[in-house]
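See structure below.
The values are calculated or read from the model by the stated rules, or taken from the named source; none is laboratory data. Computed from a predicted structure; not experimentally measured. Glycine also receives a Cβ, built like all others from the backbone with ideal geometry; neighbour counts cover every protein chain displayed. Accessible surface is based on the protein model in full, side chains and every heavy atom, while ligands, DNA and RNA are left aside. Shrake-Rupley method; radii C 1.70, N 1.55, O 1.52, S 1.80 Å.
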Amino acid sequence: MSSPDWSRPLVHFSIDAVDPGAQRDFYSSLFNWDVGEGPLMQIPAGIGGPENGIAGHISPAESPGFQLYFQVRDLEASLGRARELGAQATRAPFQIPGGAKIAGVVDPEGNRIVLVQQ
């Protein structure tokens, strides 16, 4: 299907939290983010993002939802740190043929995220 309109890239994300302070502590500790204060805790863009922007995919699953993929330098170390901070591993480290190595976790409030080592 062709459209005369242009494709719109993902440009922002939000993490909804029952306990925003605890989630702030988790993500700032895991990813070294400088998360702001207040009712909308701003997370600035990080360095080293994909040059062409954020890409995505659609895949079959047992239930609907979203997953956020975060680049890390050392997958095993980051997976260990995520567990220390209260996350639960959902997918063991997996090497994508010809691509990145990934591992899945659920943050302390149940949000699914994927750690990616390029």
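When Ala100 is tested against (1) open to solvent by 20 Å² or more (accessible area, probe 1.4 Å); (2) farther than 12 Å from Leu30 by Cα; (3) more than 13 Å from the chain's Cα centre (by Cα), just one condition goes unmet, and that condition is (1).
There is at least one residue in the stretch 28-43 that is surrounded by fewer than 15 Cβ atoms within 10 Å (Cβ to Cβ) and touching a Gly at 6+ places or on another chain (Cβ under 8 Å). The residues on offer are Ala55, Ala82, Ala89, and the sole one that is over 10 Å from Gln117 (Cβ atoms) and surrounded by fewer than 15 Cβ atoms within 10 Å (Cβ to Cβ) is Ala55.
Tell me, yes or no, whether the stretch 3-18 has at least one residue that is surrounded by 10 or more Cβ atoms within 10 Å (Cβ to Cβ), without any contact (Cβ under 8 Å) to a residue 40 or more places away in the chain and under 27 Å from Ala77 (Cβ atoms). No: zero hits.
Listed conditions (1) in contact with a Ser or Thr (Cβ under 9 Å, 6 or more places away or on another chain); (2) touching a residue at least 24 places away in the same chain (Cβ under 8 Å); (3) part of a loop (DSSP other than H, G, I, E, B) are all met by Val35, apart from (2). Taken over the stretch 73-117, the criterion of being more than 18 Å from Gln23 (Cβ to Cβ), aliphatic (A, V, I, L, M) and part of a loop (DSSP other than H, G, I, E, B) is satisfied by Ile96, Ala100. Residues in the stretch 58-75 that are open to solvent by 100 Å² or more (accessible area, probe 1.4 Å) and either at pLDDT 90 or above or touching a Cys at 6+ places or on another chain (Cβ under 9 Å) (or both): Tyr69, Gln71, Arg73.
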